[in-house]
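What follows is a set of notes on a single structure, which appears directly below.
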Amino acid sequence: MASSAALAACSIARLPDELYARTTKRRVATAAQALPDNCLSQYLECRMDGSSRVDLLASFGSYRDGAARLLDFAAEHPERWAGVLPFLRQWATSWSRRIPIVWFEFDHVEQDAIPEISVSACLVPSYLSRRSHSESTRDPHAADLA
């Protein structure tokens, strides 16, 4: 089975060139491939005004030790994740039951610099129990959180 990063890179390669330049497409694919395998979903923000700016959003769930796995990954890559390590430590140790999903937005992935990360947290503990996840990915504790 292909990793989520490999699937994202494949999807990015198929996007129309009109959305952004080929060099940007390579940088976005590189950024997507640098995400850990427990990424739930990825989104791209492209500007329709001709701007080359592209932001990459990635979501991660706290279930199945997802928060702890992301923290371990981030600690191994502090050059990219240093700004959110304090948040990740809290999420992995004490907030994971109350915050089922977190989205990280990597701004300006079209640039050579390491993108800044913005964080958005889902504060609805029952969020995953209302989604149409398969039984293999559903949070086994979602009913306990409601």
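The values are calculated or read from the model by the stated rules, or taken from the named source; none is laboratory data. A quick note: this is a predicted structure, and the numbers were derived from the prediction, not measured. Methodologically, a virtual Cβ is constructed for each residue, glycine included, from the backbone with ideal geometry; neighbour enumeration extends over all protein chains shown.
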Original post:
Across region 70-118, which residue is farthest from the chain's Cα centre (by Cα) among those that are aliphatic (A, V, I, L, M) and within 18 Å of T30 (Cα to Cα)?
Top reply: A113
Subject >> Among the candidates R89, R22, R69, residue that is modelled with pLDDT under 90 and among the basic types (K, R) >> reply: R22
Original post:
How many of the residues making up region 82-108 are out of contact with any Leu (no Cβ under 7 Å at 6 or more places or on another chain) and part of a helix (DSSP H, G or I)?
Top reply: 11
**OP:** Mind telling me which of the residues D55, D49 ends up being at pLDDT below 90, within 27 Å of T24 (Cα to Cα) and within 16 Å of the chain's Cα centre (by Cα)?
**Re:** D55
Original post:
Only one residue in R89, R97 is under 26 Å from L128 (Cα atoms), touching a residue at least 40 places away in the same chain (Cβ under 8 Å) and surrounded by fewer than 18 Cβ atoms within 10 Å (Cβ to Cβ). Which one?
Top reply: R97
**OP:** Return the residue satisfying two criteria in turn: it lies in region 47-69 and is assigned to a helix (DSSP H, G or I) and in contact with a helix residue (DSSP H, G or I) (Cβ under 6 Å, 6 or more places away or on another chain), and of such residues it is surrounded by the fewest Cβ atoms within 10 Å (Cβ to Cβ).
**Re:** A68
Subject >> Residues of region 27-46 satisfying the condition of being at pLDDT below 85, crowded, with 20+ Cβ neighbours inside 10 Å and under 26 Å from L123 (Cα atoms) >> reply: A32
Original post:
Only one residue in Q111, Q42 is of a type in the set (S, T, N, Q), assigned to a strand (DSSP E or B) and in contact (Cβ under 8 Å) with a residue 24 or more places away in the chain, so which one is that?
Top reply: Q42
Subject >> Failed criterion for A142 (all others in (1) among the small types (G, A, S); (2) at pLDDT 90 or above; (3) more than 18 Å from the chain's Cα centre (by Cα) hold) >> reply: (2)
**OP:** Could you please give the count of residues in region 73-86 that are of a type outside the set (D, E, K, R) and either crowded, with 21+ Cβ neighbours inside 10 Å or without any contact (Cβ under 8 Å) to a residue 24 or more places away in the chain (or both)?
**Re:** 6
